[in-house]
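J.: Sharing a structure with you now.
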Amino acid sequence: MKAMHTLALAAVLVASTVGAQPATKDADHAAHHPVAGASAPQSEGEVRKVDLEQGKVTLRHGPLANLDMPAMTMVFTAADPKLLQGLKQGDKVRFTADKKDGAFIVIAIEPAK
Ligand SMILES: [Cu+2]
């Protein structure tokens, strides 16, 4: 069902642009894009600096249990630089951090409401 898939993909693109999306419509999305870091908890932080060109973000964050890290301010590399679009200094965010090849990365980040 190529047409259906294209429609679903378009819906996913729209949903990810908007941000939050209802979980009930997400079955097809999940099937095509397994959620990265589903086991990693979301953490709260505040944006101190965004470097879109380098795909890096400086976050002041609370303790990260999954990374065994105390609260601090540090630089994360974004798993996808697009994650950082629209973020600016001072934004309160919820994010999911992980460690990959010895570097700390952000695999999801969104404004905290
Ligand atoms: Cu840290």
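Bear in mind these aren't lab numbers, they're just calculated from the coordinates by the rules spelled out. In this text the structure is predicted, and so the values were computed from the model without any measurement. For neighbour counting, all protein chains shown are included, and Cβ atoms are generated from backbone atoms with ideal geometry for every residue, glycine included.
J.: Name the residues in region 103-113 that are within 11 Å of Ser43 (Cβ to Cβ) and more than 15 Å from the ligand (Cβ to nearest atom), would you?
T.: Those that are within 11 Å of Ser43 (Cβ to Cβ) and more than 15 Å from the ligand (Cβ to nearest atom): Ala108, Ala112.
J.: Would you mind stating whether Ala78 is within 14 Å of the chain's Cα centre (by Cα), closer than 14 Å to Gly45 by Cα and surrounded by 13 or more Cβ atoms within 10 Å (Cβ to Cβ)?
T.: Answer is no for this residue.
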